[in-house]
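Enquirer: Supplied in structure tokens, the structure appears directly below.
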Amino acid sequence: MLRGKRVKLGPVKREYIESFLKWFNDPEITQNLMAFRPMTRMAEEEWMENLKNRENDIYFSITIPKEDGTEKLIGNCGIHRIDWKNRVGEVGITIGEKECQNKGYGTEAMELLIDYAFKTVNLHRIELYTYDFNIGALKSYKKVGFIEEGRRRQFVWINGSYHDAILMGILAEEWREKNKK
Ligand SMILES: CC(C)(COP(=O)(O)OP(=O)(O)OC[C@H]1O[C@@H](n2cnc3c(N)ncnc32)[C@H](O)[C@@H]1OP(=O)(O)O)[C@@H](O)C(=O)NCCC(=O)NCCS
């Protein structure tokens, strides 16, 4: 369990499936991701079942505390396609509960994830792609410390037009420097 000021990163639990199905069948969410097909319960169950076999991916749930002391699931995040030789990973994040977006939770969750990726997993470089219209994501990632490194021009067709995919990256030494007290 990784604890921040407000958010916690924890394991993905079977009981989260209803929320995952809601988020990943919502075009307002999926337009920002690679997903465009409907997400079936069968596919989601299979994905959850296979998590334990995925040595090159590390997934977390994102929760915030509720007033009654229980946890509210608001999203998920993870490190993917980990290249253990070069110590590079790609990160992804979704704050699926839309009323919880733009409140700083995504930035805090990403900071916890990056800190874990560098200090625990011992990665050297972390990268991600986001689309040019995803202003909230771009702003959040820059705040975390990611730097824009390049663009895949007109890489994705979304809602009737092409958009650039923006490559962003952060190095372990940059993270250390940013967090030096
Ligand atoms: C992208 C995402 C993870 C960011 O998490 P979040 O909790 O919503 O983001 P934060 O509140 O930490 O930061 C977003 C910032 O962008 C700002 N923002 C959002 N939309 C904006 C817009 N259209 N114009 C200007 N600023 C905008 C927010 O106000 C906030 O800035 P602030 O902290 O200075 O107020 C989340 O919105 C999300 O999951 N979206 C849907 C799925 C997705 O896009 N995943 C990422 C794919 S790369």
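No value in this document is a laboratory result; all are computed from the given coordinates. Worth saying up front: this structure is predicted, and the values here are computed from it rather than measured. Here the Cβ is made from the backbone with ideal geometry for all residues, glycine too, and neighbour counts use every protein chain on show.
Enquirer: In debye to the nearest 20, how big a dipole does the stretch 50-181 give about its Cα centre with +1 on each Lys and Arg Cβ and -1 on each Asp and Glu Cβ?
Expert: Numbers: 21 positive and 20 negative charges, 54 e Å.
It works out to roughly 260 debye.
Enquirer: Go through the stretch 50-67 residue by residue and turn each phi into a ³J(HN,Hα) via Karplus (6.51, -1.76, 1.60, θ = phi - 60°); whole Hz please, and just put x for glycine and proline.
Expert: For the stretch 50-67, the Karplus curve yields 7, 3, 5, 8, 8, 5, 9, 10, 10, 10, 10, 8, 10, 10, 10, x, 9, 4 Hz.
Enquirer: Here's something else I'd like to know. Where nothing but the Cβ of Lys and Arg (+1) and of Asp and Glu (-1) is charged, how large is the charge dipole of the stretch 2-126 around its Cα centre, in debye to the nearest 20?
Expert: On the way: 20 positive and 20 negative charges, 85 e Å.
For the stretch 2-126, the charge dipole is close to 400 debye.
Enquirer: Could you identify which residue out of Gly169, Gly92, Gly150 has the top mean-square fluctuation in a GNM of the chain using Cα springs shorter than 10 Å?
Expert: Fluctuation is largest for Gly150.
Enquirer: Report, by chain and number, residues whose modeled amide H sits under 5 Å from the one on Phe24, excluding near sequence neighbours (fewer than 5 apart, same chain).
Expert: Those qualifying (amide H under 5 Å, at least 5 residues apart or on another chain) number zero.
Enquirer: Now for a separate question. So for the stretch 1-105, what percent of the C-alpha to C-alpha distances run longer than 21 Å?
Expert: Values: 2036 of 5460 pairs.
Cα-Cα pairs in the stretch 1-105 separated by more than 21 Å: 37 percent.
Enquirer: In square nanometres, what is the average projected area of the Cα convex hull of the chain? Provide the component values of the computation, followed by the final result.
Expert: Numbers: hull surface 44.1 nm².
It is 11.0 nm².
Enquirer: At 7 Å along Cα-to-Cβ for each site, give me the label-to-label distance between Asp83 and Glu127 in nm.
Expert: 0.6 nm
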